[in-house]
Structure formats: structure tokens, C-alpha cells
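Okay, so here's the structure we're looking at.
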Amino acid sequence: VSGAGSQWNMTDSIVVGGGQSAAILVQDNAVVVSNGGVLGLSAGVTGTATVSGDGSLWNNYSPLNHFDVGFQGNGILSINSGGDMFSGFAKLGVNSGASGNATVTGNGSTWTLDGHLLVGYQGSGDVTVSDAGQINFQPNSWLNVGEQAGSKGVVTVTGNASSISVPNSQSIRV
């Protein structure tokens, strides 16, 4: 989805990497709106989503559907060069053997969550915020790293002006 004025509206969730590996690219002021989403639904499959450039937005907020990055397969989320992502409850590395990787990099690149972010639920999750990228949590949301026994979660914040902003100190669980 590319270019100013380009918009893709879904009434349901978007699945990228269901039966085979696949990718979605949102760039150059394009907007995608969905009701949740999954990257890497099936084992052995990779689902990749990239939101790139100022004005580019993927709004997949849903009070009912999660945003899963690596459900049974591998999920890769890249928000860069001023792209924006807005979601509700999100999990990286949902099931055992699954992996979820999210990168927010570059000035103006943001991921805003109105819900919890679980980095490594039962599988492996990795979040990197770099080069002035930002992850922002709305009130009553929290960040949890390594949710279940046997899971692995890693969060890295590096570079000037890079940040993860949570409502309060009780909002981070490791």
C-alpha cells in the first residue's frame, strides 16, 4: 500500500504469513486500518510487516482482537523512517517455537499501544527501539518481558532520543 491518499480498510484482522510466507508494506503516506492482525500464523512460515515513511500508518487497534507477531511461525514488524503503528493488546512469540521481532527505528517512528505488550509469551520475542524511535503506552497498559515459563523476551533501547514510555514503574514486568 503506497502513496498519499492510498488507504486499505479491513473490518477483520489482517493475516500476513498464514499458509505461506508473505509481507505487507505500508509506505509513502499510505494508511492501513484493520481489526487486529497476525504476522506468522503457521509454523515454518514468516509474516513480515513494514510501516515506513512520514505519514504512513497501520492502525490495527481492536478491543477484541490481538496483534500477534509470531503466532506459531515467525513474525517480523519494522516501523521506520517516521512510520506509525497503533495497536491494542500485542504479543511477540505467542506459542512455543514461535518468534516475534519488532523494530522501531528512526526519528518520528512510533508504536503506540492501547493495551499490553508481551515480549516472549510462550515463544521468543525481541523488541529493539533505536535512533530516536519510540514505543508509547496508553494508561492502564503494561510491558511484560518473558511471560510464561520457557519463553524468552529481550527488549533493547539504543541511540539518542530512543524511548519506551510506560504509564508508571509498575507497568514493566520482567
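The values are calculated or read from the model by the stated rules, or taken from the named source; none is laboratory data. In this text the structure is predicted, and so the values were computed from the model without any measurement. Positions of Cβ are backbone-derived with ideal geometry, glycine not excepted, and every protein chain shown enters the neighbour counts. For accessibility, only protein heavy atoms count, side chains too; no ligands or nucleic acids. Shrake-Rupley method; radii C 1.70, N 1.55, O 1.52, S 1.80 Å.
Accessible area, 1.4 Å probe, largest first: how do Tyr121, Tyr61 sort? Before the final figure, lay out the partial values.
Details: Tyr121 50, Tyr61 80 Å².
Listed by decreasing accessible area, they come as Tyr61, Tyr121.
Over the range 52-174, what lengths in whole Å, largest first, do the semi-axes of the equivalent ellipsoid take, defined as the square roots of 5 times the eigenvalues of the alpha-carbon gyration tensor?
On the way: eigenvalues 85, 46, 41 Å².
After scaling each eigenvalue by five and taking roots: 21, 15, 14 Å.
If packing is taken as the average count of other Cβ atoms within 10 Å, what order do 82-89, 154-161 fall into, highest mean first?
Numbers: 82-89: 22.0, 154-161: 13.1.
Order by mean packing, descending: 82-89, 154-161.
Counting only protein heavy atoms and using a 1.4 Å probe, what share of the accessible area of the range 80-174 belongs to carbon plus sulfur, as a whole percent?
Details: 1680 of 3940 Å².
Roughly 43 percent of what the probe reaches on the range 80-174 is carbon or sulfur.
Cα atoms only, the range 1-80: Rg and Dmax in Å?
When restricted to Cα atoms, the range 1-80 yields Rg and Dmax of 12.0, 35 Å.
I want the local charge near Ala102. Using Cβ-Cβ distances under 14 Å, sum +1 for each Lys or Arg and -1 for each Asp or Glu among the other residues. Don't skip to the end; give the middle numbers.
On the way: positive: Lys91; negative: Asp68, Asp84, Asp126.
Summing Lys/Arg as +1 and Asp/Glu as -1 gives -2.
Which is farthest toward the positive dipole end of the chain among Tyr61, Gln27, Leu143, measuring Cα position about the Cα centre, with Cβ charges +1 (Lys, Arg) and -1 (Asp, Glu)?
In the chain, that residue is Leu143.
Using Cα pairs closer than 8 Å and at least 6 residues apart in sequence, work out the relative contact order for the range 30-174, in percent. Before the final figure, lay out the partial values.
On the way: 550 pairs, mean separation 25.9, N = 145.
Relative contact order here is 18 percent.
State in Å² the accessible area per residue of the range 1-102; use a 1.4 Å probe, count heavy atoms of protein chains only, and round to the nearest integer. It would help to have the intermediate numbers written out before the result.
Details: 4010 Å² over 102 residues.
Here the residues of the range 1-102 average 39 Å² of exposed surface.
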